[in-house]
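The values are calculated or read from the model by the stated rules, or taken from the named source; none is laboratory data. All figures in this text were calculated on a predicted structure; none of them were measured in a lab. Cβ placement follows ideal geometry from the backbone for every residue including glycine, while neighbour counts extend to all protein chains displayed.
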Amino acid sequence: MPVTEKIELQDPTLLRDSLFIAGEWTPSSDDSRTVVTNPATGQVIAEVSMATAEDVQRAINFADSAFKSWAQMTAIARAKIMRNWFQLTLDNVEDLARILTSEQGKPLAEARAEIIYGAGFIEWYAEEGKRLYGETIPTNVVGRRLLTIRQPIGVTAAITPWNFPMAMIARKAGPALAAGCPMIIKPATDTPLSALAMAVLAERAGVPKGILSVIVGNPKIIGGKITSSSVIRALSFTGSTEVGKKLMADCAGTVKKVAMELGGNAPLIVFDDADIELAVNGVIASKFRNSGQTCVCANRILVQSSIHNEFIEALINAVAQLKVGNGLNDDTSQGPLINEMAIDKVHAHVEDALSGGGKLILGGKRASIGGTFYEPTIITNVNEDMLVSREETFGPLAGVIKFETEEEAIRIANATPFGLAAYFFTSDLGRTWRVGEALEAGVIGINTGLISYEGAPFGGIKESGVGREGSLHGIDEFLEIKYLCIDGLTEK
Ligand code: SIN
């Protein structure tokens, strides 16, 4: 299918449509291609090569042969290359943001923020690589010394989602490369262009051939090759719990280390002592960022009954100001959803809530501009049995549940198999600790709806995943601890 919409860039060489394997830009071995569309317009913005199983194997083989020399470089030398990559990313933020918005839909301001956030992981881990300390252990035997070293795990792979096409790659590749590991990246087929642009900049930064590969293609073919490969020692995945479980099972055959950042069903609790304005801002940031398409989106908004009406009024005022439109327009705050399936899911949640007694306050339908745009929606009178409470909506629907007591709010918040993020708003210090400790989630935002930062650990508990990304913990996913026991030392 021919390209029907051109992405205007200052540096058009950032836009690639082939695979990046062994440091070369190459078409797939059977010349198959996939179409990338702009979800805001439905127009074709690129036709990208789809890797075959043979292409994936080539990437694995080359990464394997490149591993040793990258691992043996000093952390200082690796950091220098990574800092070049970080700087080139910042230098190209406008172009990268345009590519990201064109393939994913989010407003340009959010796309710029994502690029800067993502670049932060590359910079942060470039430095952290210099601090991969081991330890000495007091000996248990005379003439013996005990110590540990931390070593790169080997060739690694990342499977990344469409909702953050750049930052989720940086969050995985940053620590992997800093640890001394090559990484093979499979970006989402809907949004491969940001990943390919990142590879262009990595190449320019001096990342050696084979240390970073980007292979676009069929998830089953690529996933199958990655999970069954005994060369690949770690897989980092961001995506749905359903796919994560399957990948974990498939990785068992080669006993790979897995880091899984999976689905969520985040509660956001507004207590009666909360600053209402702060809480409304928190809902806008957490619920409506990326039109509700983040894993950490507030999915269930719990409001204490004594402030319910006041809060809803303030929320209506704020949500009514959100502007739906093409993310490339400066005044847009809500872009399109990724595809028709996403629209269908949001609408099913709306219909289910309304049929169960939910009260529609705002939105509740496709936006009048057509396409995959959905109106920012508020429904009150939501209960725990409705789909919106049980499943991740992944769209701009704020379902509000009324509660009476702190105990009830905690019970409802924890009544889910998921445990990625949770939020609450309070001005009571005792409650801050009590509720912070009681909520079952890996990431808790208190008086804020925005919690992401490269220096802090991100990840879920329960069925929201295993492992952590970001912070000093995120690099452990790509390292092995080796214990050295040195005996036969002469004591004088
Ligand atoms: C996600 O949705 O998984 C990422 C959100 C973030 O990093 O802020």
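Residues of the range 161-203 that are β-branched (Val, Ile, Thr) and assigned to a helix (DSSP H, G or I): Ile169, Val200. For the range 369-462, the helices (runs of 4 or more DSSP H) that sit wholly inside it and include 1 or more residues that are more than 16 Å from the ligand (Cβ to nearest atom) and under 30 Å from Gly174 (Cα atoms) are 429-438. Hey, can you tell me all the residues within the range 464-492 that are farther than 28 Å from Ala173 by Cα and assigned to a strand (DSSP E or B)? Within the range 464-492, Leu484, Cys485, Ile486 qualify. Scanning the range 409-468 for residues that are of a type in the set (Lys, Arg) and in contact with a Ser or Thr (Cβ under 9 Å, 6 or more places away or on another chain) yields a single hit, Lys462. Scanning the range 111-123 for residues that are crowded, with 24+ Cβ neighbours inside 10 Å and either more than 11 Å from the ligand (Cβ to nearest atom) or closer than 24 Å to Val35 by Cβ (or both) turns up Ala111, Glu114, Ile115, Ala119, Ile122. The C-beta contact set for the range 451-465 (first residue closer than 20 Å to Ala285 by Cα, second residue of a type in the set (S, T, N, Q) and crowded, with 24+ Cβ neighbours inside 10 Å, distance under 9 angstrom, 6+ apart or interchain) comprises Ile451/Ser286.
For the range 257-296, filtered to residues that are surrounded by fewer than 23 Cβ atoms within 10 Å (Cβ to Cβ) and part of a strand (DSSP E or B), the residue that is nearest to the chain's Cα centre (by Cα) is Val258.
Which of (1) within 14 Å of the ligand (Cβ to nearest atom); (2) of a type in the set (A, V, I, L, M, F, W, C); (3) free of Cβ contacts under 8 Å to residues at least 60 places away in the same chain; (4) buried (at least 23 other Cβ atoms within 10 Å of the Cβ) is the odd one out, the single condition Ala97 does not satisfy? It is condition (1) that Ala97 fails.
Within the range 1-12, residues that are closer than 9 Å to Gln43 by Cβ have Cβ atoms under 7 Å from residues that are hydroxyl-bearing (Ser, Thr, Tyr) in these pairs: Glu5/Thr41, counting only partners at least 6 apart in sequence or on another chain. Can you say whether Arg300 is basic (Lys, Arg), within 16 Å of the ligand (Cβ to nearest atom) and under 22 Å from the mean Cα position of the chain (by Cα), as far as the supplied structure shows? Judged against the criteria, Arg300 is not a match.
Within the range 1-114, considering only helices (runs of 4 or more DSSP H) that don't extend past its boundaries, which have at least 2 residues that are of a type in the set (S, T, N, Q) and over 23 Å from the mean Cα position of the chain (by Cα)?
Working: elements: 53-72, 75-91, 93-104.
Result: 53-72.
When Val243 is tested against the conditions (1) of a type outside the set (Gly, Ala, Ser); (2) within 30 Å of Thr227 (Cα to Cα); (3) within 16 Å of the ligand (Cβ to nearest atom); (4) buried (at least 23 other Cβ atoms within 10 Å of the Cβ), the lone failure is (4).
Go through the residues of the range 275-296 one by one and say whether even a single one is farther than 21 Å from Ile446 by Cβ, hydroxyl-bearing (Ser, Thr, Tyr) and either touching a helix residue (DSSP H, G or I) at 6+ places or on another chain (Cβ under 6 Å) or within 16 Å of the ligand (Cβ to nearest atom) (or both). Taking every residue of the range 275-296 in turn, at least one turns out to be farther than 21 Å from Ile446 by Cβ, hydroxyl-bearing (Ser, Thr, Tyr) and either touching a helix residue (DSSP H, G or I) at 6+ places or on another chain (Cβ under 6 Å) or within 16 Å of the ligand (Cβ to nearest atom) (or both). Could you tell me whether any residue of the range 159-176 is away from the ligand (no atom under 15 Å from the Cβ), farther than 26 Å from Thr294 by Cα and either touching a strand residue (DSSP E or B) at 6+ places or on another chain (Cβ under 9 Å) or not hydrophobic (A, V, I, L, M, F, W, C) (or both)? For the range 159-176, residues away from the ligand (no atom under 15 Å from the Cβ), farther than 26 Å from Thr294 by Cα and either touching a strand residue (DSSP E or B) at 6+ places or on another chain (Cβ under 9 Å) or not hydrophobic (A, V, I, L, M, F, W, C) (or both): absent.
Please count how many residues of the range 357-386 are surrounded by 15 or more Cβ atoms within 10 Å (Cβ to Cβ) and either out of contact with any strand residue (DSSP E or B) (no Cβ under 9 Å at 6 or more places or on another chain) or at pLDDT below 95 (or both).
Summing the residues that are surrounded by 15 or more Cβ atoms within 10 Å (Cβ to Cβ) and either out of contact with any strand residue (DSSP E or B) (no Cβ under 9 Å at 6 or more places or on another chain) or at pLDDT below 95 (or both) in the range 357-386 gives 1.
Once the range 303-339 is narrowed to residues that are among the small types (Gly, Ala, Ser) and not in a loop (DSSP other than H, G, I, E, B), the residue that is nearest to the ligand (Cβ to nearest atom) is Ala318.
Kindly indicate whether any position in the range 312-324 is under 30 Å from Thr189 (Cβ atoms) and touching an Asp or Glu at 6+ places or on another chain (Cβ under 7 Å).
Of the residues in the range 312-324, the ones under 30 Å from Thr189 (Cβ atoms) are 322-324.
Now drop any that are not touching an Asp or Glu at 6+ places or on another chain (Cβ under 7 Å), which leaves 323-324.
Yes, because at least one residue in the range 312-324 is under 30 Å from Thr189 (Cβ atoms) and touching an Asp or Glu at 6+ places or on another chain (Cβ under 7 Å).
Kindly indicate which of Lys209, Lys220, Lys225 is more than 16 Å from the ligand (Cβ to nearest atom), under 26 Å from Ser69 (Cβ atoms), surrounded by fewer than 24 Cβ atoms within 10 Å (Cβ to Cβ) and over 19 Å from the mean Cα position of the chain (by Cα). I'd like the intermediate steps shown before the answer.
On the way: Lys220 fails: under 26 Å from Ser69 (Cβ atoms); Lys225 fails: surrounded by fewer than 24 Cβ atoms within 10 Å (Cβ to Cβ).
When all the criteria are applied, what remains is Lys209.
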